[in-house]
There are 2 protein chains.
Amino acid sequence: MTQQSLPDGRRPANEGPRAAARNRAALIAAAREIYAESGLEAPLSAIARRAGVGQGVLYRHFPDRAAVALAVLEENVRQIEQAAAAPDADIAQVLGVLTWHQTESAAFISVLHADGAGGHHGTPAFALALSQRVERALRRHLPDDHRLAAEPDDLMIAVGMVSGAVTGPTREQRERRALAAWRLLGVEVGPVRPFEG
Amino acid sequence: MTQQSLPDGRRPANEGPRAAARNRAALIAAAREIYAESGLEAPLSAIARRAGVGQGVLYRHFPDRAAVALAVLEENVRQIEQAAAAPDADIAQVLGVLTWHQTESAAFISVLHADGAGGHHGTPAFALALSQRVERALRRHLPDDHRLAAEPDDLMIAVGMVSGAVTGPTREQRERRALAAWRLLGVEVGPVRPFEG
């Protein structure tokens, strides 16, 4: 890998491929926490500090602020896909992981809204692509007789509905409201948790 | 009424009380249309022009941009209250008027979200007050055995859920999605229309 100069003029420390993967994962996990606490405008230096790496390492993985945010969103979607790929997966479990991310991240909720925007001018292509990946992961486990299988749009309309219910200052309150929303929809949801393999 | 100078140095034309009420209503109706077409950043001059009054008249009624937007939101809520006060009102009809405003106005949806924010720092007091007026208007017609009467929060959670489903570039698409959302909730909704007395 070619060494590039950083914004502050230093060169990044060398990382082996394993350390690189570990650092990238630590940066995404740290960014997720920092965003949840302070919003998307939090300084990148806080993310590097939380991840226990230098800012040089952060810049090697992510050229700018948007790249960090996108990586977090992509990781949310990947967790939902992994939940769907687990050997004993069912729709309730996958919805539980989806719901956890809805209660964690307003930015992720914007991504899910891209679905209903139907090519609306201003909907970023990456958001639409991520939303479609979420839909595929859910649909893979949607039984034909499921409450949300009657009409083609129902599944993602329901996801948008739960997003609309997820408000409140604490994650606990947002989770309580999300679970009330699924109850009102008559849809069973498994444990609300991140997917940890 | 004391005549005041306007930002542009002119004095407003004199309005009798009837003309004043008529002009105010025309300005609010024009602002509603212009906001739906161009968003809240539309110039005030466009609103005055659409209402068929001079900018001086607009400034006499509304000191600034925020006052116009607030008046439109207040008028949305008043329509819902009027629908609830109609002699033959029932919950389905009031929900139909509410749903019309949800499909019309993203700003109105933000107001409804104030409910779930539960005193979250940054929720404007006016939004919370308007949201509570909507809740009172609905609750007045909510039968004890209604699907949304089981738990105290269910009614406004459901309203937030429908708001979450209302996306799309056209009002027709947003209405279609709103009606799908009420169907998924198992809640009957009357005609989706503004309240016109």
Practice problem: With a ≥ b ≥ c taken as the square roots of the eigenvalues of the C-alpha gyration tensor of the protein assembly as shown, please select rounded if a/c is under 1.5 and otherwise prolate if a/b is larger than b/c or oblate if it is not? | Solution: oblate
Quiz item: Considering only the label points, 7 Å along Cα→Cβ from Cα, what distances in nm to one decimal separate A:ARG193 from the same position in each other copy, shortest first?
Solution: 5.2
Quiz item: Using a label point 7 angstrom from Cα along Cα-to-C-beta, what distances in nm, from shortest up, separate B:ARG78 from the other copies?
Solution: 5.4
Quiz prompt | Furthest towards positive pole of dipole, B:PRO194, B:PHE108, B:ALA46, structure part chain B, Cβ charges | solution = B:ALA46
Quiz item: Full extension from A:GLN82 to A:ARG65: what is 0.36 nm times the residue separation minus their Cα-Cα distance, to one decimal in nm?
Solution: 3.5 nm
Quiz prompt | Relative contact order (percent, whole number), chain A, Cα cutoff 8 Å, 6+ residue spacing | solution = 21 percent
Self-check item: the protein assembly as shown - charge dipole about Cα centre, Lys and Arg +1 at Cβ, Asp and Glu -1, debye rounded to 20
Solution: 1260 debye
Quiz prompt | Within the range B:17-63: Cβ-based charge dipole about Cα centre, in debye rounded to nearest 20 (Lys, Arg +1; Asp, Glu -1) | solution = 320 debye
Quiz item: How many nanometers, to one decimal and shortest first, lie between the label point of A:ARG140 and those of its other copies, if labels sit 7 Å from Cα toward Cβ?
Solution: 5.1
Quiz item: Stokes-Einstein at 25 °C, 0.890 mPa s, Kirkwood radius from Cα pairs: D for chain B in µm² s⁻¹?
Solution: 137 µm²/s
Quiz item: Gaussian network model of chain A, Cα springs within a sub-10 Å range: biggest mean-square fluctuation belongs to which of A:GLY16, A:GLY96, A:GLY39?
Solution: A:GLY16
Quiz item: Karplus couplings for the range B:184-192 from phi (6.51 cos²θ - 1.76 cosθ + 1.60, θ = phi - 60°), rounded to Hz, Gly and Pro as x?
Solution: 4, 7, x, 10, 6, 10, x, x, 7
Practice problem: Take the alpha carbon gyration tensor of the range B:54-119, find the square roots of its eigenvalues, order them as a ≥ b ≥ c, and report rounded if a/c is under 1.5; if not, report prolate when a/b exceeds b/c, else oblate. | Solution: oblate
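Tell me the Kirkwood radius of the range A:134-192: reciprocal of the mean inverse pair distance over distinct alpha-carbon atoms, in Å.
12.2 Å
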Quiz prompt | Dipole magnitude of chain A about its Cα centre (Cβ charges: Lys, Arg +1; Asp, Glu -1), debye to nearest 20 | solution = 820 debye
Quiz prompt | Taking the C-alpha atoms of the range B:67-184, convex hull volume expressed per residue in Å³ | solution = 106 Å³
Exercise. Would you kindly derive the ³J(HN,Hα) couplings of the range B:62-76 from the backbone phi angles with the Karplus curve 6.51 cos²θ - 1.76 cosθ + 1.60 (θ = phi - 60°), listing them in order in whole Hz, with x for Gly and Pro?
Key: 10, x, 7, 4, 4, 5, 5, 4, 5, 5, 5, 5, 4, 5, 4
Quiz item: In sequence order, what are the phi-derived ³J(HN,Hα) couplings for the range A:137-148 according to the Karplus relation 6.51 cos²θ - 1.76 cosθ + 1.60 with θ = phi - 60°, rounded to whole Hz, with x for glycine and proline?
Solution: 4, 5, 5, 4, 10, 8, x, 4, 9, 6, 3, 9
Practice problem: Specify, for chain A, the residue whose C-beta is closest to the rotation axis mapping it onto chain B, with the distance given in whole Å. | Solution: A:GLY164, 1
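Which is the longest run of chain B containing none of the GluC sites (Glu not before Pro) found in DSSP loop states (not H, G, I, E, B) with at most 12 other C-beta atoms within 10 Å? Present the calculation step by step, with values, prior to reporting the outcome.
Details: sites that count: B:GLU41, B:GLU196.
Answer from the scan: B:42-195.
Any read-out appearing in this document is the output of simple, stated calculations on the displayed coordinates, not a laboratory observation. All values derive from a computational prediction rather than experimental measurement. Neighbour counts run over all protein chains shown; Cβ positions are idealised from the backbone, glycine included.
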